[in-house]
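Novice: Just passing along the structure, written as structure tokens.
The values are calculated or read from the model by the stated rules, or taken from the named source; none is laboratory data. Everything numeric in this text was worked out from a predicted model, so none of it was measured. Virtual Cβ from ideal backbone geometry, glycine too; neighbours counted across all protein chains shown. The area values use the complete protein model at the heavy-atom level, side chains included, leaving out ligands, DNA and RNA. Shrake-Rupley method; radii C 1.70, N 1.55, O 1.52, S 1.80 Å.
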Amino acid sequence: MKEAFVMVGFLEITLVIFMQWQVYLKKIVTTFSLSSYAISIFLFVDGAVLNNTNLLVLSALTAAVRGFFIPSFIRKKFRKEDYLEREIKSVVPTAMSVVLSLFFVVVGYIVYHATLYNSVGLPGGSIPIALLFQGIFLIMSRNNAFVQLIGYMVMENSLFLFGGYLFPELPLVIEGGILLDLNSSGSNRNSYDFRHYYET
Amino acid sequence: MFLYYLPLIVTVLAAAICFVANDKISKISTLASASVSIIFSLYIWVLNNVSTQFLYIDAISKIMLVTISIIYLTTAIFSGSYFKHISKPLLKKNLYWAFLNLFVLSMFFSVMVNNLGLIWIGIEATTITSALLVAIDNNFASIEASWRYIIIVSVGLVISLVGIIFIYDQTHTLNIAVMLKNHVSESRIILIGSAMAIVGFGTKAGIFPMHTWLPDVHGRSIAPVSAIFSSVLLPSALFGIIRISQIIPFEDIKQFMFILGILTILFASIFMINQKYYKRMFAYSSMENMGMILIGVSLGKAGLLGAMILLVSHAFAKSSVFYLTGNILSVYKTRKTAHVHSLVKNMPYTAYGLILSSLAVTGAPPFAVFIGEFFIISAVYRIYGFAYTIIILLALLTAFLSINYKVAKMSFSERNSTQKTKDEWVSALIPLINLTLSFCVLFAIPAINNILKGITG
């Protein structure tokens, strides 16, 4: 599974960088949905190999909430109100944001090797930490409430990858995941209200 | 053992009733649940500490339970009279009551459980249950504040969850009693994990540097919500940090908490000087008090005793302040300090209540906040010496002058534009009760000291 973990992790990092330079929200949402499905498939296979129910539940949660439900909700809102589709201004210029996003991958690598590497011993273990930083940066670098929400969910995905793969026996991971998803769903509703007020 | 679960059970029942009942029954069930919670919390205070698979109730949990339940009741009563000032609420009234009960339930849960992961879940649940309460005013500013609250606090809590995973990696358990018994050994991962957990929980507690949601939310949510946030939500999040400091009592972690506390009070006191909006000003005052509590917790012993006295007395005094700001906002229709004049003439009970409450939250004697701060500052002087003591004293003095000068100006400056208004008795009485309670904490100090003896030594 180590190779699969590194491959999925690499794919996730690439997809977040793609989201970072996109201005069309629909593409960002679709990319995020794809990235969630990739994590879900990985967790499912890992859960089946390890015979771990926690991972199977996490896989189902990831696919249902972050792969399907929240992206579908956001797309539905775009269909109704076209003006929400494109974000013209972002806090950090596009080229700089891509460079910074890559920089955070390096920071994640350094942090991981300085902390967890000796204990976990997995070379690709820095990927979820890098994703966590990229998620935070996506939130900070954009004004759009929906993109900020997606940044938060990127962090959530990284956490599932982190906790699910590196610490599959971690207690309460499912309960934590459900709460984070509830939070995302609440934020989703709130972000729509906020955008609605903001634009009208 | 069943008795310990009663505060949780009554709030669950009240929330369930509110979801299906009409406004009046919802209000009554909430008031009943809050009143019964106070009785149960006081009863738990006299019972022995308990440690089971699910519960870990020690002196700090007991102090938190009593404080939360009293603020729960006063907020419920005040909400009942304040609701008429909201023109187009985001939620139906029964749902407001339901979320208020669930919000309190998640705080009760956080301070009672015997698992660091469950504490995280409880604190995360407070975000879910309170986000809609923040936006209840249903206007752009309150929805924006709610949005910022969810995003910033959730990011902080994700950081704390990563920290907890780091801690788990080293301890192989999240059970608080087991971790306390086994004495966690020092390692780089445990230090980083603890620091991340402190920053994450600190986000919710309004601790620098991730405090930015706090002034917006306190400034824009309705008075009862600001009051319950400031008085018991922030301490409930600090409770997570208190548990970490108990489990991982290393010097590096204590110093980290101390530095964060100092930065928080410095930042808050500087921002108070130029603050143009009275609710935001009091939000920064909450930040400053949370910073002081964090410093007290980091110092232990007398510092911890001071922190607990400050926590309780600040909860009562600050809730009083926010209820009163609600009264002012409902009459003057402005959040700007400069636009509020002649309070003493127009709203005498509110004005005098606000003057006394402001003195209380800024640490003027004889209120218990002063005693709490005195214990903490004495401990700072003993452990860190003169320089840090002076820095803290200067920050406290700045906050004291900023707040009381502005409150005095709002109260005594003359202008004839606003008509004299009759204070509504419920809206005027509840803050005065809380203010009195804040003063009475002075007489409860021996009891707090006694109950904390096992922890402070």
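Novice: Seen from all sides and averaged, what is the projected area of the convex hull of the Cα atoms in segment B:263-457, in nm²?
Specialist: One quarter of the hull surface, i.e. the mean projection, equals 10.4 nm².
Novice: Which angle from 0 to 90°, rounded to the nearest 10, does the C-alpha axis of helix B:116-134 make with the longest principal axis of chain B?
Specialist: 10 degrees
Novice: Net charge around B:Ser26, counting only other residues with Cβ within less than 15 Å of its Cβ (Lys, Arg = +1; Asp, Glu = -1)?
Specialist: +3
Novice: If you fit an axis through the alpha-carbon atoms of helix B:23-46 and take the longest principal axis of the Cα set of chain B, what angle between them do you get, 0 to 90°, nearest 10?
Specialist: Around 40 degrees separate the two axes.
Novice: Evaluate the protein assembly as shown: find the radius of gyration of its Cα atoms, find its Kirkwood radius, and give the ratio Rg to Rh.
Specialist: Ratio of gyration radius to Kirkwood radius for the protein assembly as shown: 0.96.
Novice: Another question, if that's okay. Any idea of B:Ile383's accessible area? Nearest 10 Å², probe 1.4 Å.
Specialist: 90 Å²
Novice: Give, in whole angstrom and from largest to smallest, the semi-axes √(5λ) of the equivalent ellipsoid of segment B:1-85, with λ running over the eigenvalues of the Cα gyration tensor.
Specialist: Over the Cα atoms of segment B:1-85, the semi-axes work out to 27, 14, 9 Å.
Novice: Pop out the carbon and sulfur fraction of the accessible area of the protein assembly as shown as a percent, whole number, probe 1.4 Å.
Specialist: 68 percent
Novice: Using only protein heavy atoms and a 1.4 Å probe, how much accessible area in total is buried between A and B, to the nearest 100 Å²?
Specialist: 3100 Å²
Novice: Which residues, if any, in segment B:164-207 have at least 10 Å² less accessible area in the whole protein complex than in the isolated chain, probe 1.4 Å?
Specialist: Listed in order, they are B:Ile165, B:Phe166, B:Tyr168, B:Asp169, B:Leu174, B:Arg188, B:Ile189, B:Ile192.
Novice: Something else now. Quick check for you: with a 1.4 Å probe and neighbouring chains kept, what is the accessible area per residue of segment B:263-457, in Å²?
Specialist: Heavy-atom accessible area per residue stands at 40 Å².
Novice: Which residues of segment A:114-155 bury at least 50 Å² of accessible area once all protein chains are present, versus their chain alone (1.4 Å probe)?
Specialist: Buried by the other chains: A:Thr115, A:Tyr152.
Novice: Angle between the Cα long axis of helix B:302-332 and the longest principal axis of chain B, 0 to 90 degrees, nearest 10?
Specialist: 20 degrees
Novice: Once the other residues with Cβ under 14 Å from the Cβ of B:Ile259 are scored (Lys, Arg +1; Asp, Glu -1), what is the net sum?
Specialist: Residues near B:Ile259 contribute -1 overall.
Novice: Here's a follow-up. Among the listed pairs B:Lys318/B:Lys406; A:Lys77/B:Lys276; B:Lys62/B:Lys84; B:Lys62/B:Lys93; B:Lys181/B:Lys254; B:Lys27/B:Lys88, which are separated by more than 27 Å between their Cα atoms?
Specialist: A:Lys77/B:Lys276; B:Lys62/B:Lys84; B:Lys62/B:Lys93
Novice: How high is the relative contact order of chain B? Use alpha-carbon pairs under 8 Å, at least six apart in sequence, and give a whole percent.
Specialist: 14 percent
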